[in-house]
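Below: the structure, in structure tokens.
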Amino acid sequence: MILHADWRMQSSLTDSTATGAEISQKDFPVKNWYKITVPSTIIAGLLANNEYKFDPFYSKNFEKLADPRLDHPWWFRKEFELPASEKNKNIILKLHGINYKANVWLNGVLIADSSYIKGPFRIIDLDITKQIKYAGENVLAIEILRPFNPNKHDGDLAIDYADWIHYPPDYNGGIINNVEIKTYDQIGVRYPLVTTKFDLPSLAVAHLQVDAEVINYIDKEKDAIVKGKINDNIQFQQKVHLMPNEKKQVSFSSADYPQLNVKNPRIWWPWQYGKPELNKIEISIINNGKLSNTITEDFGIRQVTSKLINNQSREFIVNGKPIMLRGAAWSPDIFQRHSRKREEQELKLVRDMNMNIVRSEGKLEDDNFYDLCDQNGLLVMTGWMCCGAWQYPENWDGAKRKVAMASDSSVMYWLRNKACIMVWLNGSDMPPRDSTVEKDYLSIENYLKWPNPLISTADASKSKVSGYSGVKMNGPYDWVPPAYWETDSTKYGGAWSFATEISPGPSILPYESLIKFIPKDSLSTTNSTWQYHCGTMTFASTKIFDSALMRRYGNPSSIQDYLAKAQLQNYEGHRAMMEAYGLNKYNTATGVVQWMLCNPWPGLIWHTYDYYLYPAGTYFGMKKSMEPLHVMYSYKSNEVDIINSLLEKFTGLTVKADVYDLDGKLKYSNTLTTAVDEDGIKKCFSIPQITGLSNVYFLRLGLKDSKQKTRSVNWYWLSQKSDELNWKGSKWYYTPQSDFTDFTALNNLAATKVEVNYSTEKKESETIQFITLTNTGKAVAFFVHVRVLKEKNGDDILPVIFSDNYISLAPGESRIIECSYENKDAGNAIPYILTTAWNLNVAGSKGMKNAGFDK
């Protein structure tokens, strides 16, 4: 029974004389309290009640959230009734996440105080059998005390954000995960775990082991029967004897229960390698012939391991197959607002970008998030966070150490059976500096049979306890040019090892998103409001990115010109990063996580799509680079290469390279028929020196399969002048450039025309637009961007999925772009297709022009 709706929230200052004993009584007046749903932080609750007469994300309004009431405790109150069927059962109040401390009252009685109830990542069970009313209203009152300085070395072990964003002034104080009522008939079972062992390389038989925890809630010995069922056709059971109030683990091994040796199993795979098949485990406990409780969970039959290569690169292996991991780091909403719809939308974008991993650095999500990752075949890297109190265990007192260990135990129980979870990190920016802390973590994780790899840190540091991590976080976090990623091969953030957080810096939003949170008169990269929506400290501006943009593309003539050039730079920078890691897979590189995936509020740095779910240059550069069957250009070797990320060998592939000058003249062409192994790389040919080529030119790469179906089209804009890196000047967050490529000739690119046609397929809940773009001019149609608006001059339909975007077209070339969106997101007007390109010829003009087409 999840206590989700119809809570009330209020500051302790409002009812300053009221006690917990009074507030947790039925007749206590709450007419003027805020109505909320839980989970909710304090500020999230106030926002839900329209307490603020401003958008906290607009301009610098976030600063207005500071409120003296936030420095004092807040009450969260819920009235509930038990179903009649639960009469005389044992009742457990289950708290999944209190941030940070709380006093808990029920029906006028203090159940537990803040010396025990603390820590946002703890799952706390409170036996309320003696205080519960089996008939009539129960009143639960939780007095929340927000965290103390979680960003400080001596602060609370709460949620920390570091240099991502500004801190919410309530420090996310509140109830951040579910509150449940659980009922049992004297004994109970919980936390099922199914682990898999294959006879690798064969996957014909899965040897399963089932574990669970059983509990005796009374002070008498009990005999019970634990029953298990998998997918309705595999059953097993075991007798268990429990001492008074005992808690113990129960196991079913495949050696003792032959039915757990499953032939031809339904296997869970990451999406690139197969279907993410889920199975179902049901565990029940029987007391005196009567069912006490049953718990049912989905699980994956899969085996995840890892190995170290030269103590430098950790390679992850799923079901016996190595996997090159490429993805990005998840950031939850700044006010910890969980939304099933939002999570579905965002993870759909993750899959659309062809990512296979999401990293969550100590910002744990709700069950729905992990269920969606299970269903979508997305792997999750998670663990403890930087950079505040969690990172400095040498400063913990005994109480904090208890919180840390109880948190570790809770998270292991919670996440261990989820198919998507592939690794747990016991530290973020470094291993726990107190070695006994890591030893204690490992002891807990071993006892609870954590089924996946464990790493001491997201950094390359060597732990005194567990050795080399095999991963790195050497930066960069700010702009570096495309040539960076392949050039650095041993020291910094280049395509070697497993980079757990890395990025070419800012992701500049399109104009349509910017004006939702930055006033039009503040749309300048040097404006304080612009900088306020960057990161903090080192990352409180976009100046490194902007300096490179001006040197590479020329001084912008307007904010619109700046934004157009920014999409180019975002696209090429992020594409090159992911391509380089893909090209070096299993040789020197094993994984890469873009820092970050999304923003917790409308921001200008570290995301692949913006807060409003608008996919721009970064997004489509990412999507292009991680195509399952992909053709690419190496900035280092001048080669054309194929990257295959599927467990399928391809023969009869046709690779074609065409080079065009700025006037649209074809200056070079080469075609090769070749093959590529499963999950393999094929180096095809080098682009030679071409005489008579303009200083800036275009390279079009095409890849067709044996049936002549186009699998990849990839355009590059290149210059005779290269970006040069000043390696000696490297800092932890970027490597400066000693010279810059010159793309300024693009400003004088010859104009062309693009003809647009479309057809529509409308389904019950979804519309698909098939948009045909044809370049009818003589020059390359460069960086063509398609948008679908709710109506002419209206907002974009968001979220939206495009098969490709920011494309280029050779003279005479046609491409069909598929666009899909939910009908409920489109509004009631007639959708309007708007096409933008770098050099569209509109009414005799050239430059960044638009051409609109009614649906």
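The values are calculated or read from the model by the stated rules, or taken from the named source; none is laboratory data. This one's a predicted model, so the numbers in the text were calculated from it and none came from an experiment. Using ideal geometry, Cβ is built from the backbone for each residue, glycine included, and neighbour counts are taken over all protein chains shown. Heavy atoms of the whole protein, side chains included, go into the accessibility calculation; ligands, DNA and RNA do not. Shrake-Rupley method; radii C 1.70, N 1.55, O 1.52, S 1.80 Å.
Points worth noting:
- Scanning the range 600-635 for residues that are within 14 Å of the chain's Cα centre (by Cα) and of a type in the set (D, E, K, R) yields a single hit, 610.
- Test: residue 53 is out of contact with any Asp or Glu (no Cβ under 8 Å at 6 or more places or on another chain) and either crowded, with 19+ Cβ neighbours inside 10 Å or modelled with pLDDT under 95 (or both): yes
- Spans of helices (runs of 4 or more DSSP H) in the range 465-564 with at least 1 residues of a type in the set (D, E, K, R) and out of contact with any Gly (no Cβ under 6 Å at 6 or more places or on another chain): 484-487, 511-514, 543-553
- In the range 608-619, the condition of being within 25 Å of residue 314 (Cα to Cα), part of a loop (DSSP other than H, G, I, E, B) and either without any contact (Cβ under 8 Å) to a residue 24 or more places away in the chain or open to solvent by 10 Å² or more (accessible area, probe 1.4 Å) (or both) is met by no residue.
- Condition check for residue 805: touching a residue at least 60 places away in the same chain (Cβ under 8 Å), open to solvent by less than 10 Å² (accessible area, probe 1.4 Å), out of contact with any Lys or Arg (no Cβ under 7 Å at 6 or more places or on another chain) and under 30 Å from residue 541 (Cβ atoms): yes
- Pair list, Cβ < 6 Å and 6+ apart or interchain, from the range 217-233 residues that are touching a residue at least 24 places away in the same chain (Cβ under 8 Å) and of a type in the set (Lys, Arg) to residues that are in a strand (DSSP E or B) and surrounded by 20 or more Cβ atoms within 10 Å (Cβ to Cβ): 222/187; 222/216; 222/242
- Number of residues in the range 716-752 that are more than 23 Å from residue 543 (Cβ to Cβ), at pLDDT below 95 and surrounded by fewer than 19 Cβ atoms within 10 Å (Cβ to Cβ): the value is 2.
- Residue match in the range 391-398 (condition: open to solvent by less than 10 Å² (accessible area, probe 1.4 Å) and either within 30 Å of residue 612 (Cβ to Cβ) or part of a strand (DSSP E or B) (or both)): no
- The one condition in (1) among the hydrophobic types (A, V, I, L, M, F, W, C); (2) within 29 Å of residue 23 (Cβ to Cβ); (3) within 29 Å of the chain's Cα centre (by Cα) that residue 62 fails to fulfil: (2)
- Single residue of the range 646-671 satisfying the filter (basic (Lys, Arg) and not in a loop (DSSP other than H, G, I, E, B)) that is nearest to residue 626 (Cα to Cα): 656
- One residue stands out among those in the range 710-730 that are of a type in the set (Ser, Thr, Tyr) and under 29 Å from the mean Cα position of the chain (by Cα): the one that is nearest to residue 638 (Cα to Cα), which is 716.
- There is at least one residue in the range 137-157 that is part of a loop (DSSP other than H, G, I, E, B), charged (D, E, K, R), under 29 Å from residue 292 (Cα atoms) and at pLDDT 95 or above.
- Pick from the range 177-222, criterion of a type in the set (D, E, K, R) and not in a strand (DSSP E or B), ranking: surrounded by the fewest Cβ atoms within 10 Å (Cβ to Cβ): 219
- Among the residues of the range 1-47, those identified as of a type in the set (S, T, N, Q), at pLDDT 95 or above and over 13 Å from residue 76 (Cβ atoms) are 19, 25.
- If you go through the range 377-387 and keep only what is over 17 Å from residue 316 (Cβ atoms), in contact (Cβ under 8 Å) with a residue 60 or more places away in the chain and either of a type in the set (Val, Ile, Thr) or buried (at least 23 other Cβ atoms within 10 Å of the Cβ) (or both), you end up with just 385.
- Neighbours by Cβ (under 7 Å, 6+ apart or cross-chain): first from the range 775-797, closer than 20 Å to residue 820 by Cα and touching a residue at least 40 places away in the same chain (Cβ under 8 Å); second of a type in the set (Lys, Arg) and open to solvent by 20 Å² or more (accessible area, probe 1.4 Å): 796/787
- Considered as a group, the residues in the range 127-146 that are open to solvent by less than 30 Å² (accessible area, probe 1.4 Å) and touching a Lys or Arg at 6+ places or on another chain (Cβ under 8 Å) include one that is farthest from residue 175 (Cα to Cα), and that residue is 139.
- Output for the range 731-753, where each listed residue is in a loop (DSSP other than H, G, I, E, B) and more than 36 Å from the chain's Cα centre (by Cα): 749, 750, 751, 753
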